[in-house]
Amino acid sequence: MEILLENERLELLQQKAIYMPAHRVLLLADVHFGKVNHFRKAGIPVPLKANDRNTELLIELIQQTKPLRIIFLGDLFHSHYNEEWEVVGQITNHFKELSFELVVGNHDIMSEHQYTRHRFILHQKLTVGNLLLTHEELTRVPTGFYNLAGHVHPGVRLHGKGRQSLMLPCFYFGKRKGLLPAFGSFTGLAKIRPRQNDKVYVIVEGRIVLLQE
């Protein structure tokens, strides 16, 4: 599904990512690589297939969109170093033609060397066209820009018959700033409360659905 923000054309992808065709930029937020390993080391029996799904989806997106740059809006890795970081390095080394960039988030706490040795360029914030990319949404957005962020893991609750309900990930766009869904398969959701004229695009059964205008 295509949308327009500050005259920038964006493609919302069912893999919980955004592609900017004019710039050949792929945007993702909150992958949380290593989170499964982090919990398993703490004795919590989380299935390892969640790790595999993240890497499979990332490679699928690269092959589908053929970007020149991949920009992660923070929380690329969940915490301290573990072996999954080397899997990430295998991906960046395989796709040598791509620029891998990270807008640093609160979970990105490893030393700068750990990122740069796997070809990541680090930013505190970054502009691409008329978009201002951050990990946490800005309080004030400069004139002429639209702020895209992650961090929140936005979701909406849909209600069915009786008392049935389901929380689903979503893209959320307000007047001057918006949120990407968490890309990682092992992440929670935070319920958002849209205001009038906000737009919410829900990811449901492999489709993008506009929920509210």
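Mean sequence separation of contacting Cα pairs (under 8 Å, at least six apart), scaled by the length of the chain, corresponds to a relative contact order of 20 percent. Computed from phi, the 3J(HN,Hα) profile of segment 112-123 under the Karplus parametrisation 6.51, -1.76, 1.60 (θ = phi - 60°) reads 4, 4, 4, 7, 5, 5, 9, 6, 8, 9, 9, 9 Hz, with x in place of Gly and Pro. Remark: for residue pairs Lys16/Lys191; Lys125/Lys177; Lys66/Lys175; Lys16/Lys66; Lys16/Lys199; Lys66/Lys199, the C-alpha separation exceeds 22 Å in Lys66/Lys175; Lys66/Lys199. Need one word for the chain: rounded, prolate or oblate. Basis is the Cα gyration tensor (sqrt eigenvalues a ≥ b ≥ c); a/c below 1.5 gives rounded, then a/b vs b/c decides. Since a/c reaches 1.5 but b/c is at least a/b, the shape of the chain is classed as oblate. With R₀ fixed at 25 Å, the C-beta to C-beta distance from Arg157 to Glu136 puts the FRET efficiency at about 0.60.
Within 10 Å of each residue's Cβ, count the other Cβ atoms and sort Ser165, Ser99 from fewest upward. Don't jump to the answer; show the numbers that get you there.
Numbers: Ser165 9, Ser99 15.
By the 10 Å Cβ count, ascending: Ser165, Ser99.
Taking each DSSP H run with n ≥ 4 as -39500 (n - 2.57) and averaging over every residue of the chain yields -5500 deg cm²/dmol at 222 nm. Sequence-distant contacts, meaning Cα pairs under 8 Å at least 6 residues apart, place the relative contact order of segment 101-213 at 18 percent. Here is the list for segment 85-133: GluC sites (Glu not before Pro) lying in DSSP coil, each with at most 16 other C-beta atoms within 10 angstrom of its C-beta, are Glu97. For the chain, give the share of DSSP beta bridges that are antiparallel, in percent and rounded to the nearest 5; count only bridges with both residues there. Roughly 60 percent of the beta bridges in the chain run antiparallel, per DSSP. Here the Karplus curve 6.51 cos²θ - 1.76 cosθ + 1.60, taken at θ = phi - 60°, turns the phi angles of segment 54-59 into couplings of 4, 5, 4, 5, 5, 5 Hz, with x standing for Gly and Pro. In whole Hz and in residue order, list the ³J(HN,Hα) couplings for segment 134-146 that follow from phi through the Karplus curve 6.51 cos²θ - 1.76 cosθ + 1.60, θ = phi - 60°; x for Gly and Pro. Coupling constants for segment 134-146: 9, 7, 9, 5, 7, 6, 10, 9, x, 4, x, 10, 10 Hz. A Förster radius of 30 Å, combined with the Cβ-Cβ distance separating Ile121 from Gln64, puts the computed FRET efficiency at roughly 0.85. Taking amide H atoms as placed 1.01 Å from N in the peptide plane, the amide H of Phe33 lies under 5 Å from those of Phe77, His78, each 5 or more residues away in sequence or on another chain.
Read-outs throughout are calculated quantities, based only on the coordinates presented, and are distinct from any laboratory measurement. Remember, it's a predicted structure, so these values are computed and weren't measured experimentally. Glycine also receives a Cβ, built like all others from the backbone with ideal geometry; neighbour counts cover every protein chain displayed.
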